[in-house]
Structures are given as structure tokens and as C-alpha cells.
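> Handing you this structure, nothing more for now.
The values are calculated or read from the model by the stated rules, or taken from the named source; none is laboratory data. Predicted model only: the values in this text are computed from it and were never measured. Don't worry about glycine lacking a Cβ; one is built from the backbone with ideal geometry, like all the others, and counts go over all protein chains shown.
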Amino acid sequence: MIDESVVVGTLSEALRTGGEFAEVFVEDRRSSSALLDDGKVEELTSGRTRGAGIRVVVGETTGFAHTSDLSENGLAKAARAAAAAARGGGGGHRVAALDRVDAPAPNEIEVFPETVAKGTKVELLGRADEAARAAGSAISQVSARYADGRRRILVANSDGLLAGDDQVRTRFAVSCVAVGDTGMQTGFESVGRPIGFELFDEYEVDALARTAANRALTKLAAQPAPSGSMPVVIGPGGGGVLFHEACGHGLEADLVAKQASVFRNRVGEQVAHPEVTLIDDGTMAREWGAYAIDDEGRPAQRNVLIEKGVLTDYMWDLLRARKEGRESSGNGRRQSYQHLPMVRMTNTYLANGTEDPQDIIAATDRGVYVAHLGGGQVNTATGDFVFGMSEAYLIVNGEIGPPIREGNLIGNGPDVLAGIEALGNDFAMGSPGTCGKDGQGVPVGDGTPTLRVASMTIGGTAA
Amino acid sequence: MNPEELLEIAERVVGWGRDGEQIEAVVGHGRETEVRVYEGEIESLSVAESQGVGIRVIADGRQGFAHAGTLDPDVLEETLAEARDNAVFGSPDEFFGLAEPDGVAPPDLDLYNEALLKFSTEAKIDMALELERAVQAGDPRIVGVESADYGDVVGADAIATTTGIRSSGRDTSCYLTAYSLASEGDETQTGFGFSVGREPGSLDVAEAAADAVERATRMLGATQPPTERVTVVLDPFVTAQFLGIIGGTMSGEAVLKGRSLFADRLGDQVAAASVTLVDDPTNPEAFTASDADGEGLATRRNLLIDRGELKRFLHNSYTGRRSGTASTGSAVRGYSSTPGVGCQALSLEPGDRPPAELIAGIANGVLVQGVSGLHSGVNPVSGDFSTGAEGLRIRNGELAEPIREITIASTLQRMLLDVVEVGSDLTWLPMSSAGVSLVVAEVTMSGA
């Protein structure tokens, strides 16, 4: 993307006024998307961004500047701006000879999206629209979006690291509105993988559209969600986002260091049922949060966070790890070259259990079965979280009963971990997600088997 | 870059238009500084310039779009070519078309303040450090300040079209934010405070710090109450978040596409008589005030709900044309997307009584001071909502113990009808809606 000699020159410029550590992150991103709404292909959009972010570290201070000018001069100017922002170092630090080390990609890319004709992408949208509308006459509106992106990055730092990655992601989503006597309801379904157009060899867009449509249709007959505390069974793949939010964020070393995590000082403690194992794995082939290297040039890793109920470790980025005299866990990520990296998750999941999922439901006298959770958020300092239930049912006498309308699920991360009382043997990954932290979004994956939590609060309107 | 230079670039792109083709170029440029301090040291100092262009092409009744994060001349040509190519694959729609000058004069707003440009980096750092110290010193139970930030942006943008639109402008803005941690026994709670302005002199360190301290300490000792149906008083910050969602249902796009719960309700009484809702980006008090919308048309004051009666929806050029009316100057966008429709500066008309008097009249209720998961808990199509909440119990007209781990649920439709009173404490916030205390009856509070 840029010459190695230019990279070395930029790093030297960045260290000239006394910095201890310097890094150049170069990104070239192309994206394309197509949106069908209201029966029409509204537009195709193409995007192109490229630029570099440069950081310089002196003591506890990081100076950061970014530029869209990738010429030698443009980079030098940004390097000086970053260096000026981090002043007062002792100096004498030099750029080590760069040693290019490329990590293996989590998977191959078969069909790069830019090689596929635009008409072929648009055709998928029409098929989804037709299939969703055919699912029922109550379907009144359909929107479908195709999106692909290719992000090439290059990272170099004054320790001599030089690494690159070529990340491709393809995604397809369908959203439907159904109208009935009770008003309007919505249904949504999406798939996404860090692969190219071969995504559609694996998934039929017609089937995705039917799933979205059926979710909306089902909810037309739904009754108001109950309110109050009760047992909650979460279906396979439907609840990984809960553990991402309620546990994962609290295990990010930057939040832990700032006392903003309920899991601070708890490594080695039993925090969950002995059957509970929580893993963050950036190497998972074909999963949405996977990559070869993170945005600091560190190869992705499989990190076990909770093993058999015992908290084993946090997730780390470069700066936080350096302070502790350890290695990064490959979790340093950023939204784009315009952002500083921080500790982020990749694919976070609760490992498979042993029970038959039917037995878990049958053993629940009264409660809620959540097939699909929507978005949510957590306060990492207190562990309190909130999630929307986008597809849920009542459990009556050990059987899945009538659907319920949307409501929120609230609880506390450590309490939920401690409250997991059954884990099924039907592990599945969930839908592709975007995780937001401090204003930056990055792609993440999640997964769980069927599981039951002894008690959570359902925020519905029924008495 | 100044607005004139950006307009020149936009005009150059538009000049490349061919016969029978409409072209719109939106060009933006921003310079940002952000200082974050932690434990008396600068944790990070970021300085950055960013720019970009978005180009929309309409030809043969089809629309295409492309954007790029640089203004290099070769990239401009490439982006236009890409947008043209994209237009080939869109569906034809007779209502596609760019905005046309409509004679409405843009309001005279003072959004650019030179004082910000003269504020030194040292002074920015000092202000962030002062904020951190003020939070730390605010209460003995404050055990940490997760982050204290100063940030500012100097922005400029321009729009030109082949239909005769020429619009450009610039603005300055700056902010302080602090995230605090309070602890008592083995319980920890968090809070935040902020202050925003057009220039640093208007930032209030003491107010931002006091809010961060109060929000973190007020929930210490909070417990989960039982489930019941209560009257709630929404604090201004919470009301503003709900207004943002209600505003979304007033979008002409949502109405046209059958996604608004208020479609077919024009002229109906959709809210209590105490509710008058206005979107007015020409109001200089609004932090999101703007003289032109995302298509370069002058912004204007739009009355949406008048004493409970639904009066109008918001439109951009496309939705206005398709609905048989005109744009209300409500196109919203950045340079990397085509224009949507949205509220820009939404507010309720304030009532006569301050929050203390509102609370004094409630025998059994909850003052909701914070909501979480609102974006995931509200379905703006069906109107169902359920959100995590925390706040203080109201007993016999007085504020009582703190409560947490509750949700409040209703539907947007019912909530608007169940409004009992609007407070007098209107306050503009750094979002597209203003805050005011709001009393709502018959809300389900789920707890233990």
C-alpha cells in the first residue's frame, strides 16, 4: 500500500521529538451496498476511504493524528502532529528494523465482491422482496440490503513490527413489516461472513426473507410480554449477544484498569456454574468477528476468558499489555484509521453444554423462551444490562407457548453468569453484529447453546 | 478549508454533468481536537482533519450514489463515474429528483465563533484536567473518573446541484464530558456530565462536574422495587431521548413506506392537549440549529403536533414530491449517504410549572432519571417500547429512595395520550431534541 522506506521515515519522524513508541496504521477501504425498499431498488452506493493514523506514546500519554494524504509529505505532517501531541519524552528511541510477519487468514476468499457484476447483487434484492411478500398477505413492507466491504490494512511500529491484512466482509439483511388487527409488527434476519460472494452459495436469500417475514407475522398474534422476574430459556445462537454485553465488556483490560468493571480483581475466582466456559476467538474461520491480525498488527488468538466457571483472564490490547509486562491477546481494534485502537471483542461465545435442549424447556414450568435477542447495552461498572427480545414466547407447563410482543430483558452480568443452571448440547453462532464502544463500531460475532437462567426481569406491559 | 473553497469543488463536480442528467455534490471538511485526561495526565491527544465528498446522479429516472473520504481531483472524477454507473442499476421512480430553489430565505444564524480557533492546545488540556479535578473533588464517594474529555470541531460544508442549489456554511462546536465512578461499601455506580457550546468560553466545567457527581452518587443504595403501574416523571434528558424516537415516526419517508404508526392520522388527536411538538432548526438556542438542510434548502419551523392534534409530517424533496406536497427543509445526511428525512431540533412547548411542583402533586410515582437500551427496546413501527430505567421513588409528593433494575413499558401511542403535564424547564441538549420534564400516567414498571 505504501513503500516500506516511507513507513520507516514516518516512524522516525514520529519519534524525533522524544517519543518512546510510534505506530503507523494505513487503511484502504472500499465498500458497496444496494438497498431495496418499498418494492424498488432505491440506490447502489459505493464508498472509498483511505488514510493513515499515526500514534506516538510518551509515558502515559498518546498523541494521535490522522490524514487522508498518503504521500510522504502528508504522512510526515501527521507524524509531527502526533509527536507534538505527545511531548516531553527523554528521546533516544529509534525505529527497529522492520520485520514483516503476516499471520494466516482465518479463511480463504473465493469470490472477491468487486469481481461480481452489480446486476447480480441487485438481483438478490428482488428475490428477497418476492419471497418475503409471498410469505403472507399481511406482509406490507419489505426492505433488503446487500453490503460488501474490502479493507486492506498495514501496521508498522517502532518495535520493528510490520504486518498487513486483507479483510473482506459480505452481508445481507431483510426487514419486514406485517399489518394486522393489532397494528404493525416487524421482523428482521441477517447473515454475514468474512468471505466474498460465495456467501450466497451457502445462504438462499429467499429463505432469509421468509424467516424475516415469519418473525413479523408471528408477532401479529403475539400477546403483551409479561412483566417481572422469571426463568428465561435462551435458544441456540439467539443469546450470545447477552454474554458479549453482560460479561465480555467487563473482561476488557482497559475498563478493568480504570476500575470500570465488576470483574476487576476476580481472576481465579469461580464466577459461574462449572459447566460455563466463555471464549473470545478471533481465529474462527468464516465467523463475522474474525481476522488475521488485529489493528495493531497482532495475530488474532483464541482466548479462554472463563474456564469451567473460573475467570481465567481478561482481553488485552498493546498499550494495556505493555503496562502489565505481557503480550497483547490480539484484541486491539479500531473502527478506521481515524480512530485510536482499544480493547475489543471478536467472536465471543459460551461453549457447548451436555443437556438435551428439549429437556431444558420441559423442566421449565413457567417462563420465557427467547429465540432471538435484539440489541442491548451494559454498564460495565455495575454489570447491569438491558436487551430487546426480538422473538420470544411464553413457556407454559414445560412447553413453548404463545409468542409475546417485544419487551426488554434486564439483569446483571455477574448474577446471570451465576444463575445459568442448564446448558444444552446444541451450540450455534448468532447473527453478525456491530459492537459499539466509545463511539467506535467494529464487526463481532457471538454464540451460545440453549441455556436457562434461573431468573431475569422481563419488562413487558402485561400485569 | 473554508466554505467558498468547498463550494468551488462542489460546483466543479456539478459542471461535469451531461445532458439529461441531474448531479448533486456534497462536500464536507472538518478539523477536530480531542483531549482525554486520566489521573492528572494526558491519556490521549488527537488532532485530525477529515474531508469527503458524496455525489448523487439521477438519470433516466434512476438514482445512483458514491462517496469518498478525500477531495483529490482524480478521486472526484472516479466518484462521479461510480455514481453514474450505480444509477444504471437502480429502479426507475418518477419522483426522483434533486431539490430546487424554493424561495425560502435561510435564517440568519451565528454558528461559527472565531474564539474557538484562538483557544490553545494548552488551554484545552487545562480545561480537561480542571474537569477531572472538579469531579474528583465533588464528593468523597467519587472513587474514579473513567475519562474526562475536551473536544472541538471546526466544520464546513457545501452543496451544489445542476438544479440551481448553491449552499455553504461553517460552524464551530466544543464540548466537555466526564464519566465518573462512585462507590460505597462494595457497590459501584457510574455517572456522566457534559457541557457544550460554540466556543470554549461558553463551556461550564462546574456544571459538567456537578452532573457527573450527582448522577454517580444518587443511585448508591438503590434497590429493585416490585412490579406495578405508576405515574412517571421523565427527567429532561430522558424526555429528549423519547422525543427523538417520536420524531422518527413523523418522517414522511416512514409514512410513505408504511412504517409510521401515525400514517393516516393527520388531523387526529394523537396526544394529550398539553402536547405541542415543534421541529425548529432555525432556533438559535438549539445546539443542532442549522440554516440549510441536507439538500441545501433553507431550514424552517415545522409544527408537528398542535395541542395534541397531528398537523404535519416532515419531508425532503423526494418524499415531499411523492406525497403531493413539498420539502419541509428536513433532509438529513452526511456526505457519505443520500438524504433521509428527520427532525433537526425538536422540542415540546414548555408548560408553566417547575419539576418540584410537578412532583409535589404525585402520591405514588417514579422520577425516571436514566434509561438504557432505548434503541433496542422501542419498536418505532409498532410503537411498543420497554426500556431499562433507574431513578427515584416519589411518595406523597416527595422524592424518596433510589430504585434500579426496573423497566418501564407502554406504547408510544398511549404514552402521548397519557401525558399529564409538560414542565417549564425546557433545556437544549447536544442532540436533535430538547429536554423538558414530562409527567406520564399509567406506565408499567417491571421490577422484582
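> Residues that are more than 7 Å from chain A (Cβ to nearest Cβ) and in contact with a Gly (Cβ under 6 Å, 6 or more places away or on another chain): find the strands (runs of 3 or more DSSP E) completely inside region B:1-95 holding 2 or more of those.
It comes to B:21-38, B:41-59.
> Of (1) of a type outside the set (D, E, K, R); (2) at pLDDT below 95; (3) not in a loop (DSSP other than H, G, I, E, B), B:Phe287 satisfies all except one. Which?
Checking B:Phe287 against (1) of a type outside the set (D, E, K, R); (2) at pLDDT below 95; (3) not in a loop (DSSP other than H, G, I, E, B), the one that fails is (3).
> Let me ask something additional. May I ask you to list the residues in region B:364-382 that are of a type outside the set (A, V, I, L, M), under 20 Å from the mean Cα position of the chain (by Cα) and facing another protein chain (nearest Cβ under 8 Å)?
Within region B:364-382, B:Ser372, B:Gly373, B:His375, B:Ser376, B:Gly377, B:Asn379 qualify.
> Here is a further query. Of all residues in region A:373-430, count the ones that are within 14 Å of chain B (Cβ to nearest Cβ) and of a type in the set (Phe, Trp, Tyr).
The qualifying residues number 2.
> Exactly one condition in (1) away from every other protein chain (no Cβ under 14 Å); (2) assigned to a loop (DSSP other than H, G, I, E, B) is false for A:Val262; which is it?
(1)
> Taking A:Gly74 as meeting all but one of (1) over 30 Å from B:Tyr38 (Cα atoms); (2) in a helix (DSSP H, G or I); (3) modelled with pLDDT of 95 or more, write down the number of the exception.
(3)
> Are there strands (runs of 3 or more DSSP E) fully within region B:158-240 with at least 3 residues that are in the same structural domain as B:Ser410 (by TED's automatic domain parsing)? List them.
B:228-234
> Are any of the residues in region A:2-20 within 14 Å of chain B (Cβ to nearest Cβ) and either assigned to a strand (DSSP E or B) or within 30 Å of A:Val174 (Cβ to Cβ) (or both)?
no
> Can you tell me which residue among A:Val232, A:Val168 is assigned to a strand (DSSP E or B) and either touching a Phe, Trp or Tyr at 6+ places or on another chain (Cβ under 7 Å) or within 13 Å of chain B (Cβ to nearest Cβ) (or both)?
Being assigned to a strand (DSSP E or B) and either touching a Phe, Trp or Tyr at 6+ places or on another chain (Cβ under 7 Å) or within 13 Å of chain B (Cβ to nearest Cβ) (or both) holds for just one of A:Val232, A:Val168, which is A:Val168.
> Let me confirm something: among B:Val154, B:Val145, which residue is away from every other protein chain (no Cβ under 14 Å) and among the hydrophobic types (A, V, I, L, M, F, W, C)?
B:Val154
> Looking at A:Thr186, is it touching a strand residue (DSSP E or B) at 6+ places or on another chain (Cβ under 6 Å), surrounded by fewer than 22 Cβ atoms within 10 Å (Cβ to Cβ) and of a type in the set (Val, Ile, Thr)?
Considered against the rule, which asks whether it is touching a strand residue (DSSP E or B) at 6+ places or on another chain (Cβ under 6 Å), surrounded by fewer than 22 Cβ atoms within 10 Å (Cβ to Cβ) and of a type in the set (Val, Ile, Thr), A:Thr186 comes out as yes.
> Name the single residue, out of those in region A:216-248 being modelled with pLDDT of 95 or more and either of a type in the set (Val, Ile, Thr) or in contact with an Asp or Glu (Cβ under 6 Å, 6 or more places away or on another chain) (or both), that is farthest from A:Pro414 (Cα to Cα).
Only one residue fits best here, namely A:Pro236.
> Look through region B:413-448, keep the residues that are crowded, with 23+ Cβ neighbours inside 10 Å and touching a Phe, Trp or Tyr at 6+ places or on another chain (Cβ under 6 Å), and return whichever of them is farthest from the other protein chains (Cβ to nearest Cβ).
Here the answer is B:Ala434.
> Can you find even one residue in region B:351-369 that is among the acidic types (Asp, Glu) and at pLDDT 95 or above?
Scanning region B:351-369 turns up at least one residue that is among the acidic types (Asp, Glu) and at pLDDT 95 or above.
> Considering A:Ala392, A:Ala454, which residue is of a type in the set (A, V, I, L, M), more than 25 Å from A:Thr186 (Cα to Cα) and assigned by TED's automatic domain parsing to the domain that holds A:Pro357?
Exactly one of A:Ala392, A:Ala454 is of a type in the set (A, V, I, L, M), more than 25 Å from A:Thr186 (Cα to Cα) and assigned by TED's automatic domain parsing to the domain that holds A:Pro357, namely A:Ala454.
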